[in-house]
Each structure stands twice: as C-alpha cells, then as structure tokens.
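Here's the structure we're looking at; comments come further down.
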Amino acid sequence: STMRERKATDSLHSSTDLTEGKEKLRLKQEVGLISGVSLIAGTMIGSGIFMSPEWVLHHMGNPASSLLIWATCGLLAMFGALSYAELGTIIKESGGEYIYILRIFGSFPAFLFAYTSVILVRPAGLAAVCLSFAEYAIAPFYPGCSSPQVAIKCAAAACILILTIINCLNVRLATSVMNIFTAAKLLALLVIVVGGLVLLAKGQTQSFQNGFQGTTAGIGAVGVAFYQGLWSYDGWNNLNYVTEELKKPEVTLPRALMIAIPLVTCLYLLVNVSYLAAMTPSELLSSGAVAVTWGDKVLGSWAWLISLSVALSTFGSSNGTFFSGGRVCYIAAREGHMPDILSMAHVGCLTPSPALLFTSAMSLIMIISGNFTSIVNFFSFMAWLFYGMTISGLLYLKIKKPELPRSYKVPIIIPIIVLMAAVYLVLAPIIDQPQIEILYIILFIFSGIIFYFPLVHFKYHPRFLQRVTLHLQLLLEVAPTTRDAN
C-alpha cells in the first residue's frame with residue numbers, strides 16, 4: 001500500500017526485510033559528539049547573525065534593548081534544547097517534534113505537523129538560508145549596486161541542488177561538510193569579534209551611550225524582534241531529528257546541546273557588540289548586509305573576506321537544515337503519514353534520497369515565490385506553534401508518566417518557561433498587529449484534514465499511486481527501511 005499505519009506499541013521492534021528477510025536496510029549511526037556539535041552550531045550560525053541584527057534593532061529601537069533580545073533568545077534556545085534533550089532520551093526515535101507529538105498526542109495532530117512541516121516550514125527555512133547565501137555569494141560581482149533578484153534566486157537554487165547531491169550521496173560526506181564549514185564560520189565570527197574588541201579598546205563606544213533611550217513598548221513589535229532573533233538561533237533542535245543516527249544518543253544528545261548553544265550565544269552577543277562598535281545605530285539600520293558594511297569599515301581592502309566567510313557560513317547552515325529537514329519527511333512517511341516512497345532509502349548510499357529530493361523541490365518553489373524577511377516571520381510563527389505543542393507534551397510526560405526511563409531530566413520550571421514564551425510568540429503579533437497572512441497559515445494547517453481522513457484514517461489507497469511508487473522505486477533504486485532499535 002502507498003501509506004502504512006504503524007502502532008506506537010511496536011514502534012521500536014517493527015522492521016521491513018529485503019531479500020526475503022535476510023537483510024535489513026537502515027540508516028547508519030554516523031553522528032558522534034563532534035558532528036553533533038557541528039550540526040547544532042553549524043545550522044544555528046547561518047544567515048541570521050549576518051541578516052537579522054538590523055531588524056532586531058529596527059523593532060526594539062535602541063542598541064541596549066536589542067542586545068537584551070539577543071541574550072534572551074539564546075537563553076530561550078538553551079531552555080528549549082534542554083527540554084528536547086529529555087524528550088530525546090525518553091523517545092529514542094528520529095523525527096523531532098513530529099515523533100514526539102505522534103507518540104504523546106496521537107496520529108491526527110502529528111499528521112497536521114508533518115503535513116505543515118514537510119510542505120511549508122522546513123522548505124521555508126531552507127529557502128531563507130539559501131537566499132541569504134546567494135545574496136552574499138554574488139555581492140562581489142555587483143560592486144556599488146544591489147544584486148538583481150533573478151541572479152540571487154538562481155544562485156540560491158544552485159545551492160539547493162548542490163546540497164541535494166551531497167546529502168543523497170553519503171551521510172558521512174554531509175557530516176564532513178558540516179564539520180569543515182562550522183570551523184570556517186567560527187573563524188569568521190572570531191575575526192569580527194576581535195575587530196570589535198579592538199574598536200572598543202580604542203574608545204568607539206558612542207553607540208552604547210543612552211543605550212535604552214527610545215525602547216519600543218508594543219508587544220507585537222517585541223514579538224517580531226524575537227522572531228528575527230530566534231531565527232538566528234534556529235537549529236537548536238536539529239539533533240533530535242537524527243536521534244537514530246547518533247552514536248550513544250542518551251549521552252551525545254545532551255552533551256552536544258550543552259556545548260553548542262552557550263558557545264553560539266556568546267559569539268552572537270560579541271558579534272552584535274562588534275557591529276555596534278563599528279557603526280552607529282542609523283548606519284546599521286541602513287545597511288543591506290551588516291557584515292559586509294562592517295568589513296568595509298574595519299578591514300578596508302580585505303573586506304571581501306567577510307563576503308566569502310558569510311557565503312561559506314550560510315552554505316554550511318543550509319547543509320545542516322537540509323540534513324535534518326529531509327529526516328522529518330522520511331520519518332513521517334515511515335509512520336504512514338506520507339507516501340511510502342518518501343520512507344525509502346537508497347540501497348547503495350543508505351540515505352533517505354526520496355525525502356531529500358522532495359524537500360529540495362519544495363524549497364525551490366519557495367525561492368521562486370518568496371523573499372527573506374517574509375519567509376522568516378512566516379517560518380517563526382509556525383515553528384513556535386509546534387514547539388509549544390511539543391513542550392506541552394513533555395510536561396504531560398513529566399506529570400503523568402514519571403516512571404518512564406530517561407537518562408536525563410530537565411527541571412520542570414524550564415519547559416514551563418519555554419511554553420509561556422511559545423504562547424507569547426504565537427499570540428503577541430496576532431493581538432498587536434493582526435495580518436491576513438496568519439489566517440492563511442492557520443487555514444493551511446487545518447486543510448490537512450482533507451487528506452488525513454481518506455488517506456490515513458480510512459486508509460484509502462488509489463491504485464495509480466501504488467504504480468507510481470513502484471516505478472519511482474525502480475528509478476531511484478530505493479527500498480523500505482527498518483528502525484534502528486536503540
């Protein structure tokens with residue numbers, strides 16, 4: 001059948017055999033602690049720290065309050081990640097929010113999450129990062145003027161196609177790319193940090209005088225500032241999407257989080273301080289590419305290094321987003337919530353290539369139709385809606401199922417804080433500045449009902465889809481997989 005229903009009770013024991021039961025196909029456990037830290041830090045440090053500072057400052061009104069937003073976003077990402085670490089040690093399956101919602105709340109809400117995430121949220125995140133990569137990558141070819149949108153979108157599309165090839169070929173190749181690019185982007189951020197410290201030592205502190213003057217008071221503006229800041233921290237939950245591919249997940253997951261997120265938070269704060277030391281708030285607000293403007297002011301003729309570093313950084317972040325995003329599609333299909341073909345892996349490369357190809361196609365559509373800022377706000381609203389649902393699931397398990405075995409426990413106050421923040425981030429922009437786009441997003445989420453009941457609940461499987469699945473299986477050289485029971 002094109003779609004399959006799986007029960008939670010036997011989720012860790014079910015398997016699909018190849019060659020009459022003699023061989024099982026599964027994804028390899030290739031992700032260790034260093035690769036785990038690289039996946040988190042490498043995905044988090046992407047386009048946000050180079051694109052979002054001006055928008056956070058714009059919505060908050062002054063440097064001091066914008067720095068406070070950056071610090072609070074880092075703390076919130078850390079709290080969210082620690083909460084997810086406990087979930088990851090209770091439910092040792094890949095899939096992140098999707099698998100947690102499925103196991104705790106059941107099939108219907110999990111399907112709505114998968115439907116929204118696979119078609120919109122993950123492709124939107126990937127598209128936004130690739131657009132920022134393209135903007136910095138082609139900027140040197142158009143000195144003194146803004147790059148044409150056609151060129152930016154073509155470069156972003158090329159980025160997605162290259163990532164598709166890398167991730168379809170080999171998991172180890174994809175993680176190696178993550179490790180190399182994470183090292184490169186950390187070096188680039190250290191250059192900016194050291195440059196900023198030198199400027200501060202020379203007495204360039206005028207941006208920090210009367211730092212809180214003119215702070216924005218509206219809850220909607222603060223919520224949108226949080227959206228832009230949290231976009232830069234997005235990726236804190238990426239390791240939960242690949243739990244089955246982690247070596248010793250009960251140890252690797254919490255350790256990688258506790259190393260990566262404080263490191264990224266400190267870097268972000270220091271980089272923002274460096275931007276404000278080199279530029280006045282008005283200069284920062286008028287800058288189309290903050291890091292490039294910083295490079296022009298501080299590095300002079302070496303400013304091209306910043307454009308190159310940002311392009312490398314955003315490419316590495318795109319790779320991490322793509323690596324984890326394809327897994328959501330793959331796991332949802334394996335649970336019967338997406339077409340069967342998306343749950344299969346390449347028989348030679350052992351990668352979920354159909355799911356990766358589908359994510360790539362949806363991201364290309366997003367690039368054609370969207371721009372960076374609108375995609376970020378749209379992505380953040382939907383992401384925090386489902387983060388809140390997932391965290392409420394953890395609170396349910398902590399209160400109702402304390403006997404479940406878990407190798408790591410987070411204090412209950414931490415998920416409560418994250419849940420309150422998620423409710424604020426979802427409701428504040430709606431209450432303060434309601435927009436018709438939010439209504440469209442909510443309608444899209446619930447449009448999943450049209451597909452859920454016939455295809456999943458009543459298991460109606462059109463015969464033509466079965467034939468399409470068979471032909472695609474032969475074309476792509478893929479086969480069904482089994483879980484790796486941890």
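Just a few scattered comments:
- Estimated [θ] at 222 nm from DSSP helical runs (n ≥ 4, -39500 (n - 2.57)) normalised by residues in the chain, nearest 500: -22000 deg cm²/dmol
- For the stretch 419-436 versus the stretch 43-105, the gap between their alpha-carbon centres in whole angstrom: 16 Å
- Shape analysis of the stretch 338-486 based on the Cα gyration tensor places the equivalent ellipsoid semi-axes at 33, 25, 17 Å, largest first.
- Acute angle (nearest 10 degrees) that the helix 149-169 long axis makes with the longest principal axis of the chain, alpha-carbon atoms: 40 degrees
- Derived from the Cα gyration tensor, the three semi-axes of the equivalent ellipsoid of the chain are 38, 24, 21 Å, largest first.
- Residue-by-residue Karplus 3J(HN,Hα) for the stretch 60-75, coefficients 6.51, -1.76, 1.60, Hz, glycine and proline x: 8, x, 7, x, 5, 5, 5, 5, 5, 4, 4, 5, 5, 4, x, 5
- Surface accessible to a 1.4 Å probe, per residue, for the residues of the stretch 33-475, Å²: 38 Å²
- Relative to the longest principal axis of the Cα atoms of the chain, helix 219-233 runs at roughly 70 degrees.
- Counting 0.36 nm for each residue step from Cys154 to Phe453 and taking away their Cα separation leaves a gain of 103.8 nm.
- Dipole of the chain, positive direction: furthest Cα of Ala114, Ala289, Ile180, with charges on the beta-carbon: Ala114
- Surface composition of the chain: carbon and sulfur make up 68 percent of the accessible area, probe 1.4 Å.
- Using Cβ point charges alone (K and R +1, D and E -1), the dipole size of the chain about the Cα centre works out to roughly 820 debye.
- Number of Lys pairs (Cα under 29 Å; 8 or more positions apart or on different chains) in the stretch 101-259: 4
The values are calculated or read from the model by the stated rules, or taken from the named source; none is laboratory data. It should be emphasised that the depicted structure is a prediction, and the values quoted were computed from it without experimental measurement. Methodologically, a virtual Cβ is constructed for each residue, glycine included, from the backbone with ideal geometry; neighbour enumeration extends over all protein chains shown. The area values use the complete protein model at the heavy-atom level, side chains included, leaving out ligands, DNA and RNA. Shrake-Rupley method; radii C 1.70, N 1.55, O 1.52, S 1.80 Å.
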